[in-house]
Amino acid sequence: MAIGECLKEVRKRIEENCRIAGRSPDEVTLIAVSKTKPVEMLLEAYEAGARQFGENKVQELTAKIPQMPEDIKWHLIGHLQTNKVRQVIGRTTLIHSVDSIRLAKEIERESEKHNLVTDILLEVNAAREDSKFGFYLEDTEEALRQISLFPHVRVKGLMTIAPFVANAEDNRPIFRKLYEFSVDMKSKNIDNVNMTVLSMGMTGDYEVAVQEGATMVRVGTGIFGVR
Ligand SMILES: *Cc1c(COP(=O)(O)O)cnc(C)c1O
């Protein structure tokens, strides 16, 4: 299937699952995850209406930005090393993968230098997998409170990468747990923290994630094909 058709199909499924869950499709942003794919393919997705793109590597992100139209919103979704923060400040619409206070502090420092406020999500290792980055759920509130004190960083919500499973239903409890946690955090009204974004769901499980309250889904394979 061509990229445009795949995109249409993913959008349709998001809408269907919103309907199932009694949500408005406007609540869910589709991020086209274009990592490892050539710019020609990204342009095809752009032609088909995609404006939000996700990359997981700083080098690839910064190489692609100048080759693509300016109205694209770029999401950094992969692990970010503190020594690379400088390269992405001012160039992303949202950094999904803040997984340590140290990294947030570096984003604060570089953002201050540029007189900017950088929007971020805290990555939560909701399933406690050894192979994954992110805060454990029980450490996330304390991290939120500490990061909320940084004036040039704005926490917009949470992100998780659910386990790789054969049956997407297996991830439903994880998505539900993160949704409930975000509602709980929202109710605490922490200054400078606005819990509106819940980035969860990939090609294999985005439909379940939408049913469970995702406001951003990150779909790569389902749009661009296998990597
Ligand atoms: C690669 C990647 C995705 C997209 O994965 P697909 O299974 O291809 O949809 C989503 N989120 C993150 C953090 C990724 O690295």
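The values are calculated or read from the model by the stated rules, or taken from the named source; none is laboratory data. All values reported here derive from a predicted model rather than from experimental measurement. Here the Cβ positions follow ideal geometry from the backbone for every residue, glycine too, while neighbour counts run over all protein chains shown. SASA here: full protein model, heavy atoms, side chains in, ligands and nucleic acids out. Shrake-Rupley method; radii C 1.70, N 1.55, O 1.52, S 1.80 Å.
Things worth noting here:
Per-residue answers, yes or no, for (1) over 18 Å from M200 (Cα atoms); (2) away from the ligand (no atom under 15 Å from the Cβ); (3) open to solvent by less than 80 Å² (accessible area, probe 1.4 Å):
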{"site": "G4", "(1), (2), (3)": "yes, yes, yes"}
{"site": "P25", "(1), (2), (3)": "no, yes, yes"}
{"site": "L42", "(1), (2), (3)": "yes, no, yes"}
{"site": "T82", "(1), (2), (3)": "yes, yes, yes"}
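- From I107, I31, residue being in contact (Cβ under 8 Å) with a residue 24 or more places away in the chain, part of a helix (DSSP H, G or I), within 30 Å of P151 (Cα to Cα) and of a type in the set (A, V, I, L, M): I107
- Take the conditions (1) farther than 14 Å from N56 by Cβ; (2) of a type outside the set (S, T, N, Q); (3) more than 11 Å from the chain's Cα centre (by Cα); L122 misses just one of them, which is (3).
- Residue in segment 51-65 that is farther than 16 Å from R91 by Cβ and over 18 Å from the mean Cα position of the chain (by Cα) present: no
- Contact map, segment 52-69: residues that are free of Cβ contacts under 8 Å to residues at least 40 places away in the same chain paired with residues that are away from the ligand (no atom under 16 Å from the Cβ) and of a type in the set (A, V, I, L, M), Cβ distance under 7 Å, separation 6+ or inter-chain. Pairs shown: F53/I72; K64/V39; Q67/V39; M68/V39.
- Per-region count, segment 164-205, residues assigned to a loop (DSSP other than H, G, I, E, B), within 14 Å of the ligand (Cβ to nearest atom) and either of a type in the set (D, E) or surrounded by 15 or more Cβ atoms within 10 Å (Cβ to Cβ) (or both): 6
- Considering the conditions (1) away from the ligand (no atom under 15 Å from the Cβ); (2) more than 22 Å from R154 (Cβ to Cβ); (3) out of contact with any Pro (no Cβ under 9 Å at 6 or more places or on another chain); (4) without any contact (Cβ under 8 Å) to a residue 40 or more places away in the chain, Y46 is excluded by exactly one of them, (3).
Each row is one residue, and each column tells you yes or no for (1) within 16 Å of the ligand (Cβ to nearest atom); (2) open to solvent by less than 10 Å² (accessible area, probe 1.4 Å).
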site: I72; (1), (2): no, no
site: Q87; (1), (2): no, no
site: H96; (1), (2): yes, yes
site: D99; (1), (2): yes, no
site: L103; (1), (2): yes, yes
site: S111; (1), (2): no, yes
site: N115; (1), (2): no, no
site: D119; (1), (2): no, no
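- With respect to the conditions (1) away from the ligand (no atom under 16 Å from the Cβ); (2) modelled with pLDDT of 95 or more, F133 lacks only one, and its number is (1).
- For segment 214-227, filtered to residues that are open to solvent by 10 Å² or more (accessible area, probe 1.4 Å) and among the small types (G, A, S), the residue that is farthest from the ligand (Cβ to nearest atom) is G225.
- Filter result for L144 (within 20 Å of V10 (Cβ to Cβ) and in contact with a strand residue (DSSP E or B) (Cβ under 9 Å, 6 or more places away or on another chain)): no
- When segment 44-59 is filtered for residues that are open to solvent by 40 Å² or more (accessible area, probe 1.4 Å), part of a helix (DSSP H, G or I) and over 18 Å from G78 (Cα atoms), the ones remaining, listed by number, are E44, E47.
- Inter-residue pairs, beta-carbon under 7 Å, first over 14 Å from I77 (Cβ atoms) and in segment 209-223, second open to solvent by 20 Å² or more (accessible area, probe 1.4 Å) and of a type in the set (G, A, S), 6+ apart: V210/A21; Q211/A21
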